[in-house]
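**Student:** My structure is below; once you've seen it, I'll send some questions.
The values are calculated or read from the model by the stated rules, or taken from the named source; none is laboratory data. Keep in mind it's a predicted model, so treat the numbers as computed, not measured. Cβ sites come from the backbone with ideal geometry, for glycine too, and all protein chains shown count toward neighbours. Heavy atoms of the whole protein, side chains included, go into the accessibility calculation; ligands, DNA and RNA do not. Shrake-Rupley method; radii C 1.70, N 1.55, O 1.52, S 1.80 Å.
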Amino acid sequence: MAYLDNREFIKALDAAGELVTIEQEVDWDLEAGAIVRKVCEEKGPSPLMNKIKDYPGHRYLGAPLANYRKLALSMGMDADSSIPQIAEEYLKRTSSPPIKPVLLPKEEAPCKENILMGEDADLFLLPGPMVHEGDGGRYLATWHFVVTKDPDNGDVNWGMYRQMVYDRKTMTGPLLPFSDGGKVFHGKYKPRGEAMPFATVIGPDPLSAIAASAPSPIPETEFTGMLMQQPVSLVKCETVDLEVPAYAEIIIEGEILPDVSLEEGPFGEYTGYRTSPRDLRAVYRIKAITHRNNPITTISNMGIPTDEGQLLRSFSLGLEMEKLLRSQGIPVTGVYMLPESTHHLVVVGVKAIYTNIATQIAQTVFGSKLGPWFHMVMVVDDKTDIYNVDEVIHALSTRCHPINGIHIYQGVGTPLYPFLSAAERIKSVGPKVLFDCTFPLDWDPLNELPSLVSFKNVYPKEIQEKVLNNWEKYGFKS
Ligand SMILES: Cc1cc2nc3c(=O)[nH]c(=O)nc-3n(C[C@H](O)[C@H](O)[C@H](O)COP(=O)(O)O)c2cc1C
């Protein structure tokens, strides 16, 4: 089953022990952010904050998807599903035929319960939180997405691009030129001197948010339908020619200006650092705000692992890589991007049937659309459990030759890599590294290939079975 409405998902979180409802007043100025940060670092339940200082009637939901239990629930699966089980379900749904959205009449769309136009549309009426101390302002949009449209072919894009409140009518934020929304703005609207209509969706249902933050190969409206296995319900905006999810909590409509940029940031980022300085960035001028009664502003607090940005981006980037490698006929056995790496390190399991297969894997993924977002690939053999960090570290430290197994490449990177100098970041420099953790194929299995000393590898099958069958009788817990 799919949650079409964030409020139904909140009930599911509660039922699974993944929600804490806070009735005492919480300050939008740092206190709410600090609660969400601690929850992320503990991989804990999401806080639903029912009373926000200065904002009667408004609520916050923090860290809505920042652990695998919540991700499983969002897919309508058992909270205890394993990561490979969730991955298998995601791959199955996102390989099924696209499902187009449906349009609801305005009267049936909860996001139209309150409509603020003209002078009444004031960003300070919404409880934008001061997420981290040192942020350049109040960030209203941290778990949300921005809807835009290609002016030539009408393709709609949903992308999660952060937005800071600049004044009561203006937000600012980075619209990176290699994001899909950024490509259309920098490549089409800006050169033509035209403003790009936008709608920011705050408090979307979980699967729409997952689609908007994923490197989806098809329009997110249809990708969401695939994840939901049913159409997502949209409704027309009031002032721009765009459509938004009908059950979302808050919609902000307006235009991104082509001829002006204003300061934004700094902000605590997904790498776990505050890397990019306050700088001139895209300007979102607002025209209207619509919202549900007692709206719930969703907050993601980026910082050290694990926030939902790291978890979901790792998950979707890794699985899009798996599809890409399989489409090239490379015999991968699985792909797992570690959220703890802030989606910088991906582990690829492969049946190493020909020499230099690791190089082929690295060049394929680094050279793809996914390349700018990460810089480390580890290739392991099909016997290594890619989800088991103990086995992955063991493979890296024992099978990767420091001279022959490590390969450096140049590529495109994000301006947020903390290890780059400020000058390198401006140029989107993206050094990449491959750790080939497969043993050479031409080693003699008897005399050269080291034999793995593990329970599965060094005991005869009948002894393994005997020990496993007697495990509880010996006194161990299974
Ligand atoms: C919480 C969060 C905040 C993000 N902020 C930005 C941002 O400010 N700018 C950006 O270009 N990408 C940002 N990203 C990454 C994009 O959401 C991601 O690249 C997504 O695929 C964009 O959609 P697109 O592929 O349609 O461009 C963010 C991701 C998350 C999860």
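One line per residue, one yes/no per condition, for (1) open to solvent by 40 Å² or more (accessible area, probe 1.4 Å); (2) touching a Phe, Trp or Tyr at 6+ places or on another chain (Cβ under 7 Å):
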residue: 36; (1), (2): no, no
residue: 41; (1), (2): yes, no
residue: 48; (1), (2): no, no
residue: 52; (1), (2): no, yes
residue: 65; (1), (2): no, no
residue: 72; (1), (2): no, no
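**Student:** Would you pick out the residues in segment 138-191 that are in contact with a helix residue (DSSP H, G or I) (Cβ under 8 Å, 6 or more places away or on another chain) and among the β-branched types (Val, Ile, Thr)?
**Tutor:** Correct list: 146, 148, 156, 165, 170.
**Student:** Select, from 196, 160, 171, the only residue that is near the ligand (Cβ under 10 Å from one of its atoms) and within 24 Å of residue 238 (Cβ to Cβ). It would help to see each step written out before you state the result.
**Tutor:** Details: 196 fails: near the ligand (Cβ under 10 Å from one of its atoms); 171 fails: near the ligand (Cβ under 10 Å from one of its atoms).
Checking each option against the conditions leaves just 160.
**Student:** Something else about it: Of all residues in segment 210-244, which are under 19 Å from the mean Cα position of the chain (by Cα) and under 18 Å from residue 140 (Cβ atoms)?
**Tutor:** At the first step, the residues of segment 210-244 found to be under 19 Å from the mean Cα position of the chain (by Cα) are 210-228.
Residues satisfying the conditions are 212, 213.
**Student:** Of (1) over 17 Å from residue 171 (Cβ atoms); (2) out of contact with any Phe, Trp or Tyr (no Cβ under 8 Å at 6 or more places or on another chain); (3) of a type in the set (Gly, Ala, Ser), residue 265 satisfies all except one. Which?
**Tutor:** Status for residue 265: all satisfied but (1).
**Student:** Ok, one more. Looking at residue 253, is it surrounded by 21 or more Cβ atoms within 10 Å (Cβ to Cβ) and more than 16 Å from the ligand (Cβ to nearest atom)? Working first, answer last.
**Tutor:** Numbers: surrounded by 21 or more Cβ atoms within 10 Å (Cβ to Cβ): yes; more than 16 Å from the ligand (Cβ to nearest atom): yes.
Yes.
**Student:** Test residue 128 against the stated conditions and say whether it is surrounded by 14 or more Cβ atoms within 10 Å (Cβ to Cβ) and either within 16 Å of the ligand (Cβ to nearest atom) or in a helix (DSSP H, G or I) (or both). Break it down into steps so the answer makes sense when it comes.
**Tutor:** On the way: surrounded by 14 or more Cβ atoms within 10 Å (Cβ to Cβ): yes; either within 16 Å of the ligand (Cβ to nearest atom) or in a helix (DSSP H, G or I) (or both): yes.
The answer is yes for residue 128.
**Student:** Out of all the residues in segment 349-377, which are buried (at least 20 other Cβ atoms within 10 Å of the Cβ), away from the ligand (no atom under 16 Å from the Cβ) and closer than 21 Å to residue 306 by Cα?
**Tutor:** Selection gives 377 alone.
**Student:** Filter segment 256-267 down to the residues that are outside any strand (DSSP E or B) and open to solvent by less than 10 Å² (accessible area, probe 1.4 Å), then identify the one that is farthest from residue 117 (Cα to Cα).
**Tutor:** Top of the filtered list is 267.
**Student:** Also, quick follow-up: Of 119, 107, 133, which residue is more than 14 Å from the ligand (Cβ to nearest atom), within 26 Å of residue 279 (Cα to Cα) and open to solvent by 40 Å² or more (accessible area, probe 1.4 Å)? First the steps, then the outcome.
**Tutor:** Details: 119 fails: within 26 Å of residue 279 (Cα to Cα); 107 fails: within 26 Å of residue 279 (Cα to Cα).
None of the others qualify; the one that does is 133.
**Student:** I would also like to ask the following. If I filter segment 457-477 for residues that are in a loop (DSSP other than H, G, I, E, B), under 37 Å from the mean Cα position of the chain (by Cα) and closer than 30 Å to residue 271 by Cβ, do I get at least one hit?
**Tutor:** no
**Student:** Tell me which of these residue 260 doesn't satisfy, since it passes every other one: (1) more than 15 Å from the ligand (Cβ to nearest atom); (2) out of contact with any strand residue (DSSP E or B) (no Cβ under 7 Å at 6 or more places or on another chain).
**Tutor:** If we test residue 260 against (1) more than 15 Å from the ligand (Cβ to nearest atom); (2) out of contact with any strand residue (DSSP E or B) (no Cβ under 7 Å at 6 or more places or on another chain), just (2) comes out false.
**Student:** What residue, among those in segment 282-317 that are within 15 Å of residue 163 (Cα to Cα) and part of a loop (DSSP other than H, G, I, E, B), is nearest to the ligand (Cβ to nearest atom)?
**Tutor:** Looking at the filtered set, the residue picked out is 300.
**Student:** Which condition does residue 281 not pass, out of (1) in contact with a Lys or Arg (Cβ under 8 Å, 6 or more places away or on another chain); (2) open to solvent by 20 Å² or more (accessible area, probe 1.4 Å), if it passes all the others?
**Tutor:** (1)
**Student:** Under 9 Å between Cβ atoms, which residue pairs at least 6 apart in sequence (or on different chains) link something in segment 372-394 that is closer than 27 Å to residue 425 by Cα with a partner that is open to solvent by 50 Å² or more (accessible area, probe 1.4 Å) and assigned to a helix (DSSP H, G or I)?
**Tutor:** 378/396
**Student:** Where residues in segment 320-333 are more than 13 Å from the ligand (Cβ to nearest atom) and either assigned to a helix (DSSP H, G or I) or of a type in the set (Ser, Thr, Tyr) (or both), which of them is nearest to residue 370 (Cα to Cα)?
**Tutor:** The initial filter retains those residues of segment 320-333 that are more than 13 Å from the ligand (Cβ to nearest atom), namely 321-333.
Next, only the ones that are either assigned to a helix (DSSP H, G or I) or of a type in the set (Ser, Thr, Tyr) (or both) stay: 321-327, 333.
Numbers: 321: 8, 322: 11, 323: 12, 324: 10, 325: 12, 326: 15, 327: 15, 333: 20 Å.
Ranking the candidates gives 321 first.
**Student:** Conditions: (1) assigned to a loop (DSSP other than H, G, I, E, B); (2) over 15 Å from residue 257 (Cα atoms); (3) within 13 Å of the ligand (Cβ to nearest atom). Residue 231 meets all but one. Number of the miss?
**Tutor:** Exception for residue 231: condition (3).
**Student:** Oh, and also: Looking at 450, 445, 431, 418, which one is in a loop (DSSP other than H, G, I, E, B) and surrounded by 11 or more Cβ atoms within 10 Å (Cβ to Cβ)? Break it down into steps so the answer makes sense when it comes.
**Tutor:** On the way: 450 fails: surrounded by 11 or more Cβ atoms within 10 Å (Cβ to Cβ); 445 fails: surrounded by 11 or more Cβ atoms within 10 Å (Cβ to Cβ); 431 fails: in a loop (DSSP other than H, G, I, E, B).
Of the residues listed, the single one that is in a loop (DSSP other than H, G, I, E, B) and surrounded by 11 or more Cβ atoms within 10 Å (Cβ to Cβ) is 418.
**Student:** Applying the selection to segment 334-348, what residues are part of a helix (DSSP H, G or I) and open to solvent by 20 Å² or more (accessible area, probe 1.4 Å)? It would help to see each step written out before you state the result.
**Tutor:** Initially, segment 334-348 is screened for residues part of a helix (DSSP H, G or I), giving 339-341.
Within segment 334-348, 340, 341 meet the criteria.
**Student:** If we keep just the residues of segment 387-415 that are in a loop (DSSP other than H, G, I, E, B) and buried (at least 17 other Cβ atoms within 10 Å of the Cβ), which is nearest to the chain's Cα centre (by Cα)? So that I can check it myself, show each step before the final result.
**Tutor:** Step one: of segment 387-415, the residues in a loop (DSSP other than H, G, I, E, B) are 387-388, 400-405, 413-415.
The next check asks that each one be buried (at least 17 other Cβ atoms within 10 Å of the Cβ); those that pass are 400, 405, 413-415.
Values: 400: 30, 405: 30, 413: 17, 414: 15, 415: 17 Å.
Residue satisfying both the conditions and the ranking: 414.
**Student:** What tally of residues in segment 174-192 results from selecting those that are closer than 19 Å to residue 263 by Cα, open to solvent by 20 Å² or more (accessible area, probe 1.4 Å) and within 15 Å of the ligand (Cβ to nearest atom)?
**Tutor:** Kept after step one, since they are closer than 19 Å to residue 263 by Cα, are these residues of segment 174-192: 174-177, 182, 185-186, 190.
In the following step, the residues that additionally are open to solvent by 20 Å² or more (accessible area, probe 1.4 Å) were identified as 174, 176-177, 186, 190.
This time we only want the ones that are within 15 Å of the ligand (Cβ to nearest atom), so: 174, 176-177, 186.
Residues that pass the stated criteria total 4.
**Student:** Please specify each residue of segment 1-34 satisfying the condition of being open to solvent by 40 Å² or more (accessible area, probe 1.4 Å) and hydrophobic (A, V, I, L, M, F, W, C).
**Tutor:** Listed by number, the residues that qualify are 1, 4, 15, 20, 28, 30, 34.
**Student:** Also: Please state which of the following conditions residue 225 fails to meet, knowing it meets all the rest: (1) within 12 Å of the ligand (Cβ to nearest atom); (2) of a type outside the set (Lys, Arg); (3) open to solvent by less than 10 Å² (accessible area, probe 1.4 Å).
**Tutor:** With (1) within 12 Å of the ligand (Cβ to nearest atom); (2) of a type outside the set (Lys, Arg); (3) open to solvent by less than 10 Å² (accessible area, probe 1.4 Å) applied to residue 225, the lone miss is (1).
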